[in-house]
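These notes are about the structure you will find just below.
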Protein chains: 2
Amino acid sequence: MRYGYFDDQNKEYVIERPDTPQPWINYLGEGSYFGIISNTAGGYSFYRDARLRRILRYRYNNIPQDEGGRYLYIRFPDGDFFSPTWQPVRKKLDFYRCRHGLGYTIISSRYREIECEITYFVPPREEMEIWSVKLTNRGKELLELDVFSFIEFCLWNALDDSTNFQRNLNIGEVEVEEGVIYHITEYRERRDHYAFFGAVGNIVGFETDRESFLGPYGSLDSPIAVREGKTSNSIACGWAPVGVHQIKVTLPSQHEERIQFLLGYKENLTQHKFIVERRVNKEGIPSLLQRFNDQNEVVRALEKLKTYWNNILSRFQVQTPNSHFNRMINVWNQYQCMITFNLSRSASYFESGISRGIGFRDSNQDLMGFVHLIPDKARERLLDLSSTQFQLGGAYHQYQPLTRQGNDEIGAGFNDDPLWLVLAAASYLKETGDFTILNEMVPFAGGGNPATFYQHLLRSLEYTLHNLGPHGLPLIGQADWNDCLNLNLITENEGKVAESILIGEMFVAAGEELAHIAEIIEKNDDASRFRKEVRTMVDRINQWGWDGEWYLRAYDDRGLPVGSKQNQEGKIFLETQPWAIMCGLADTERGKAAMDSVEKYLATPHGIILQKPAFTQFSLHLGECTSYPPGLKENAGIFCHPNPWAIIAECILKRAEKAWNYWLTISPSSREEISEIHRQEPYVYAQMIAGPDHPRFGEAKNSWLTGTASWALVSATQWILGIRPDYQGLIIDPCIPADWQDFRVQRWFRGVLYTIVVERKPNEKYELKVDGNLLSGKTIPVFSPGSEHRVEVTLGED
Amino acid sequence: MRYGYFDDQNKEYVIERPDTPQPWINYLGEGSYFGIISNTAGGYSFYRDARLRRILRYRYNNIPQDEGGRYLYIRFPDGDFFSPTWQPVRKKLDFYRCRHGLGYTIISSRYREIECEITYFVPPREEMEIWSVKLTNRGKELLELDVFSFIEFCLWNALDDSTNFQRNLNIGEVEVEEGVIYHITEYRERRDHYAFFGAVGNIVGFETDRESFLGPYGSLDSPIAVREGKTSNSIACGWAPVGVHQIKVTLPSQHEERIQFLLGYKENLTQHKFIVERRVNKEGIPSLLQRFNDQNEVVRALEKLKTYWNNILSRFQVQTPNSHFNRMINVWNQYQCMITFNLSRSASYFESGISRGIGFRDSNQDLMGFVHLIPDKARERLLDLSSTQFQLGGAYHQYQPLTRQGNDEIGAGFNDDPLWLVLAAASYLKETGDFTILNEMVPFAGGGNPATFYQHLLRSLEYTLHNLGPHGLPLIGQADWNDCLNLNLITENEGKVAESILIGEMFVAAGEELAHIAEIIEKNDDASRFRKEVRTMVDRINQWGWDGEWYLRAYDDRGLPVGSKQNQEGKIFLETQPWAIMCGLADTERGKAAMDSVEKYLATPHGIILQKPAFTQFSLHLGECTSYPPGLKENAGIFCHPNPWAIIAECILKRAEKAWNYWLTISPSSREEISEIHRQEPYVYAQMIAGPDHPRFGEAKNSWLTGTASWALVSATQWILGIRPDYQGLIIDPCIPADWQDFRVQRWFRGVLYTIVVERKPNEKYELKVDGNLLSGKTIPVFSPGSEHRVEVTLGED
């Protein structure tokens, strides 16, 4: 069952009823001002850091769910009123439609004779959002309407805001000037910033005190001010500041009227904080409102936003016979990759913006999904990440975006972390050819002399070599990629000798990449040294890591295998099977056997589960993964993130149909038809889908902010389509399903636009032509920036 | 305007309408299982620690406010339904009444032909609460009703529960057995405890999955299960576990029926966690339900609870001509003192249970208010507190009740802290005469050899002497009693030499007490040493601390006075004026001048403000107090806590009318008539009342958990009534208002029951008789435990 449809032309997902199984959200903002917005206008905004600069208050896990957002109430002269976004009044609408586009959301509705359309977006490079409202009277009579806006201000620090009430019920302050509501809590002292909420329209009143608007014990579905049709111009001082405008609209039959609401954030220089004593300096805000008083300016800003996104996405566009594939690659998967770059794991319907900073491991993997879109930002992120490394190569697991300081609470010692930096750097170098990054001087967390980025990469590998266990395999530390496989962390004794096969495989991959890089920059000693270490690791894994039909996952702290036939539960894990192939350590026989075991034991109609059998009992020596109910999360859930690894492995094994089927199974677009089971947005990947051990098998959770996005994009573009950046050029090596006759790709690569046409021709062999010239091999060499080239590839039946 | 009345006979406050200006709460529990409950059944329960063992989920600062609690829905066959506690349905009731008693709350209502009365309480020494429901059909026809219960489980750790959704929407688990809902989240692994929610009645169905009960986007005022009259027996696995019973009640005309709900907490020994694999060991729960199936057992448990409280309160009972005074002393003020002992500052309508542990300073002061009620617990608390002291005498500012470990986040260095321990210890010794506590060995935080409690007290004083500033006055550290006077904490330079006059005064008081104690245990060297240090400090304060009409408050980090005529804002502070008299350093002339200045500049019709003029601008060198809006909190708010200090000082100065007026001004009972202004509960003190600089002058905030309770009780009983424990006996030295002719007190003191009758006889002198025998002086000597004595005091006109 579907709750909407893809509008591929407009790059929008169109939702046709407000009561989707879960709130289906979208993101506003691309630079510093961000928001999440659901299909019924729920959500909140923040400036840069969702925890420390929260602008709107939002109640997670609320009753009713997803209440709190960017709301309007429209009131008729007879006292009847509704919300044009359904929430929070939830009165039945005669028509409802939500269009989630790239960086904007348009919600349209009709109730009685009123049509309303609200376009929410953040104009590029602005630190504010616009709600552009169009009201149309479809009735025969002139109508006098009252429109009420509603937002609730968060007192900036979202954690304090939700815990420290003996303080925060006393600190809320606002000013109101010419209809603009200024939220100035703590401005007098520790802050140099405020929020503003203005409107362009016939403002006849306002509220800033929540209770004045809602009434005692009032609820958002029926505020007293709306019921009674009047505001009291309250000035909040303490308790809960809100922003409410009352706007009179006189609307003749068949006429329309526009109202613009502007909600934003402003920082002042310390020396310009006040105009006169105690009055906040509001310079710039009235003129901003003035500017967007002009509807054309709003239209231009929205167009600019669309151009911004189209420019980004134009760097990779595909036409294949499969519409799921086309829309995921051309729009949604790339868009999701950009969102994971912008937000890391901070703010979604599942991430509260409070718990987590920017993850080291997360961001490095996210980068693989957006490096082709915004290589400059990728460069910056790589340098930021490596500056949270310690001298010995280890790294903070997370850092805060505002301060760029590592989070001491989480700490370091996730032993896979440094290797992801090498793999991400390799992606960057392959995409951009920008080897100058290797010479950038980068500081270390915890002090000491800075070193070049290249040195940071070397130390990442050294870190693994300095942390080997009894089998010569890498120690797992707090956890490897699987955060919930805690083989050392919560053991009662103090052993700390558990080893991770996955980190070993990652070391092989990263070591190989670094050796390659070292050769290019003529550090041949480094290259041969790491080639040697890689060979040793390959041998050890093949000696100690093979279980007969698949690769082990780890050795626990007692030296016992994890992910082996010997185990009662968790006999086989997914991660180490595809990685054995991705890093090249498995020979074809073992590779095929491993991936056959994945298919046999782990593949389900809703995706590949993380391990099997599920853990029914808690094991202290295995940790957190055994704590989840069977079928959820890391306990035999369909963790989506490693599913693309299986796709990549099958492509390497040249088993195109298996790869394709795995892609199709977890692709949100192809799951759209079962939205009542999947329940999350059909346009973005979720972190997890419940596995067969769970009563809600197939139900997704934690959509949007997941490493699944980048790996899914990499698996689809670099391995199924086979268009794969390499140090020397662009490889074209497709592994497409049998029923695809052809496909066409436009791709920018190092400043060059390639139009790539791939055709399958039975009885012929692989052939690569650039601008009509036949090349040997599968790699297009690097051409001069600014040129355009036509690439033709013929696929045989290999 | 009032919203209810005091039922003095039953020791209850009776609320007559549900929509009080703010939720008016009460507390359940006295040992380990606690809850807060509002007059409309809002609130939550927890086991020992409101943060780490939260049983019910509650949304602070919610819309609608105070939604989430212990709810029932009653549904008629025609589909109409209501909540007998008004919330969460909020349908108009034909009758409503809430009786907040000592440890129990009874909410009665009538809707259509149904009368409902619910008694909520925690039976003494049980780890569970009862909701005892009585339904009466006042109509003429037989009625078939459906009763639905509703609670929402918190996933134990209240902070994680409200921030970490990518995890906690996956971990919720329940079991349901014979109608009992077991909340077993995380039981399989890190927990050895579960919650249960059972009912004794004709259970026909249940829900444990929130959405199944509420419906998609459902709200608590209209759950789909109640609207449709049917439950689906859902088993939550992930998302949000709730507890809902559906109970059929067939009620003939004029008949009544009882239903008992039991909500509780259970810990199992690790070796008995499971009965069979994966099934939680539920031993004891069915028999508990069985037991309370008997209505007589419920009645007995409630009687036991009342006896428990009556026994406690019987230790001090008074009859005076003033009914406000009588009810506050006999019931509410003492009850509030017990609650502050139980809860410290953790859980109230304003304290989220997340931010704060047990405060060192708070608990020592709280102790003065309950040491006469539960001296054994006071002893235990003193030893706990001193074990969070460091070797050098400083102390952790807070510690967690479950672990008894200091909170590193807040740390130490609040330089008044150690002195409160000495003052609290003196209170304990004076009340009990139990000098054995001085020899108890107590460890130190941060390690090192344990020392006797007496040594801990010595080090408390040494701490001050080791932390003196440029004037030889005590350094303030992070803050003294006024948490928001941060003279060192947030300065930009690193001076750290700001000095506190208040700590100096406290040192004088504490040093005097310790010298006295030392003499008693014949440590005469210590006594003379501290007497000498006290004299030095007295001289310094009189030299450096006197501003001409009042005492300074402090010297800031630049050596400039704080609370002086020289200042533009904050010229005079309250705290140091009464303390100069309480510690005995002010001579009569300065004492009177200081207190006259308090009256002239700081006293208002709603209480004494903390300083004047309010800070209109933020001052980095004064800190947090300048950050609040003028009139709130430490910025010229009526901070209630130090108001009783003024009462005590006026009593010492023998200015009875001034003392009495101060008492009357902030007494909750005497503010009952202005409940629409005061807005908080009229039966307990609040931390703060807005001062005249604030638009809501007179509005209270942060009721219940405040040191105001103990100081108000001390000021009223020891200083206005003048019945004051001392090392050698019980002093009787009243300072009562002129229009009181007499009063009578029953007081237990060191195992002796005294009946004290005080009469004013003009033209006579003070006279003290015990059992008819005239004594010289004002002190009753210590009699043998178990005896009873009649004390007659004649007051002259001194």
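The values are calculated or read from the model by the stated rules, or taken from the named source; none is laboratory data. What you see is a predicted model, and the numbers here were worked out from it, not measured in a lab. Here Cβ is always computed from backbone atoms with ideal geometry, including for glycine, and neighbour counts include all displayed protein chains.
For the criterion of being closer than 21 Å to A:Ser346 by Cβ and among the charged types (D, E, K, R), A:Arg17 fails.
Checked against (1) touching a residue at least 12 places away in the same chain (Cβ under 8 Å); (2) out of contact with any strand residue (DSSP E or B) (no Cβ under 6 Å at 6 or more places or on another chain); (3) facing another protein chain (nearest Cβ under 8 Å), A:Tyr217 passes all but a single condition, namely (1).
Condition check ((1) among the hydroxyl-bearing types (Ser, Thr, Tyr); (2) modelled with pLDDT under 95; (3) more than 21 Å from B:Glu533 (Cβ to Cβ)) across all residues:
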position: B:Phe435; (1), (2), (3): no, no, yes
position: B:Ser460; (1), (2), (3): yes, no, no
position: B:Asp480; (1), (2), (3): no, yes, no
position: B:Leu489; (1), (2), (3): no, yes, yes
position: B:Ser500; (1), (2), (3): yes, no, no
position: B:Met506; (1), (2), (3): no, no, no
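For region A:491-523, the set of residues classified as assigned to a helix (DSSP H, G or I) and more than 14 Å from A:Tyr454 (Cβ to Cβ) consists of A:Ile501, A:Leu502, A:Ile503, A:Gly504, A:Glu505, A:Met506, A:Phe507, A:Val508, A:Ala509, A:Gly511, A:Glu512, listed by residue number.
Against the definition (buried (at least 24 other Cβ atoms within 10 Å of the Cβ) and in contact (Cβ under 8 Å) with a residue 24 or more places away in the chain), how does B:Gln334 come out, yes or no? Answer is yes for this residue.
Hey, could you check region B:369-414 for residues that are crowded, with 16+ Cβ neighbours inside 10 Å, without any contact (Cβ under 8 Å) to a residue 60 or more places away in the chain and among the hydroxyl-bearing types (Ser, Thr, Tyr) and say which is farthest from B:Gln455 (Cα to Cα)? Here the residue is B:Tyr399. Among the conditions (1) surrounded by fewer than 22 Cβ atoms within 10 Å (Cβ to Cβ); (2) of a type in the set (D, E, K, R); (3) out of contact with any Leu (no Cβ under 7 Å at 6 or more places or on another chain), the only one that B:Lys11 does not satisfy is (3). Within the set B:Pro84, B:Pro124, the sole residue that is under 30 Å from B:Phe274 (Cα atoms) and away from chain A (no Cβ under 13 Å) turns out to be B:Pro124. In summary, B:Ile476 fulfils each of the numbered conditions (1) surrounded by 24 or more Cβ atoms within 10 Å (Cβ to Cβ); (2) within 22 Å of B:Gly591 (Cα to Cα) with the single exception of condition (2). For region B:15-60, a residue qualifies if it is farther than 20 Å from B:Ser669 by Cα, surrounded by 24 or more Cβ atoms within 10 Å (Cβ to Cβ), away from every other protein chain (no Cβ under 14 Å) and among the polar types (S, T, N, Q), and exactly one does: B:Ser45. Scanning region A:588-629 for residues that are among the aliphatic types (A, V, I, L, M) and more than 14 Å from chain B (Cβ to nearest Cβ) yields a count of 8. Here B:Gly447 clears all of (1) under 27 Å from B:Gly707 (Cα atoms); (2) surrounded by fewer than 15 Cβ atoms within 10 Å (Cβ to Cβ); (3) among the small types (Gly, Ala, Ser) except the condition numbered (1).
When region B:237-258 is filtered for residues that are among the aliphatic types (A, V, I, L, M) and in contact with a Ser or Thr (Cβ under 9 Å, 6 or more places away or on another chain), the ones remaining, listed by number, are B:Val242, B:Val244, B:Ile247, B:Leu251. All conditions in (1) closer than 28 Å to B:Ser348 by Cβ; (2) within 12 Å of chain A (Cβ to nearest Cβ) hold for B:Asn170, with the sole exception of (1). Take B:Asn137 and decide whether it is within 14 Å of chain A (Cβ to nearest Cβ) and either out of contact with any helix residue (DSSP H, G or I) (no Cβ under 9 Å at 6 or more places or on another chain) or in contact (Cβ under 8 Å) with a residue 40 or more places away in the chain (or both). When the stated conditions are applied, B:Asn137 does not pass them. Scanning region A:709-723 turns up no residue that is within 13 Å of chain B (Cβ to nearest Cβ), in contact (Cβ under 8 Å) with a residue 60 or more places away in the chain and outside any helix (DSSP H, G or I).
Can you find a residue in region A:290-301 that is over 28 Å from A:Thr208 (Cα atoms), of a type in the set (A, V, I, L, M) and more than 14 Å from chain B (Cβ to nearest Cβ)? There is at least one residue in region A:290-301 that is over 28 Å from A:Thr208 (Cα atoms), of a type in the set (A, V, I, L, M) and more than 14 Å from chain B (Cβ to nearest Cβ).
Restricting region B:189-226 to residues that are crowded, with 19+ Cβ neighbours inside 10 Å and modelled with pLDDT under 95 leaves a set whose member that is nearest to B:Lys273 (Cα to Cα) is B:Val200.
For the residues A:Tyr217, A:Tyr194, A:Tyr182, the requirement of being farther than 20 Å from B:Phe697 by Cα and in contact with a His (Cβ under 9 Å, 6 or more places away or on another chain) singles out A:Tyr194.
For region A:150-166, the tally of residues that are more than 20 Å from B:Arg356 (Cβ to Cβ) and more than 10 Å from every other protein chain (Cβ to nearest Cβ) stands at 5. Taking the criterion of being surrounded by fewer than 23 Cβ atoms within 10 Å (Cβ to Cβ) and within 12 Å of chain B (Cβ to nearest Cβ), the residues of region A:680-702 that qualify are A:Asp693, A:Pro695, A:Arg696, A:Phe697. Within region B:415-434, residues that are of a type in the set (S, T, N, Q) reach partners that are part of a helix (DSSP H, G or I) with beta carbons closer than 6 Å, at six or more positions or on different chains, in the pairs B:Asn415/B:Ile503; B:Ser427/B:Met368; B:Thr432/B:Pro375. Residues that are under 26 Å from B:Gln718 (Cβ atoms) and within 14 Å of chain A (Cβ to nearest Cβ) were ranked within region B:349-368; the one that is surrounded by the most Cβ atoms within 10 Å (Cβ to Cβ) is B:Gly359.
Residue-level analysis places B:Trp740 among those that are outside the structural domain of B:Val371 (by TED's automatic domain parsing), within 21 Å of B:Ala646 (Cα to Cα) and touching a residue at least 40 places away in the same chain (Cβ under 8 Å). Restricting region B:517-531 to residues that are of a type in the set (A, V, I, L, M) and closer than 26 Å to B:Asp587 by Cα, the residue that is surrounded by the fewest Cβ atoms within 10 Å (Cβ to Cβ) is B:Ala527.
Here B:Val534 does not fit the description of being farther than 30 Å from B:Leu664 by Cβ and either touching a Lys or Arg at 6+ places or on another chain (Cβ under 6 Å) or surrounded by fewer than 22 Cβ atoms within 10 Å (Cβ to Cβ) (or both).
Does region B:578-591 include one or more residues that are crowded, with 22+ Cβ neighbours inside 10 Å and in a strand (DSSP E or B)? The answer is no, given that none of the residues of region B:578-591 is crowded, with 22+ Cβ neighbours inside 10 Å and in a strand (DSSP E or B).
Residue selection: B:Arg381 fails the criterion of being in a loop (DSSP other than H, G, I, E, B) and outside the structural domain of B:Gly42 (by TED's automatic domain parsing). Annotation note: of B:Pro692, B:Pro734, the sole residue that is in the same structural domain as B:Val770 (by TED's automatic domain parsing) and either touching a Gly at 6+ places or on another chain (Cβ under 7 Å) or assigned to a strand (DSSP E or B) (or both) is B:Pro734.
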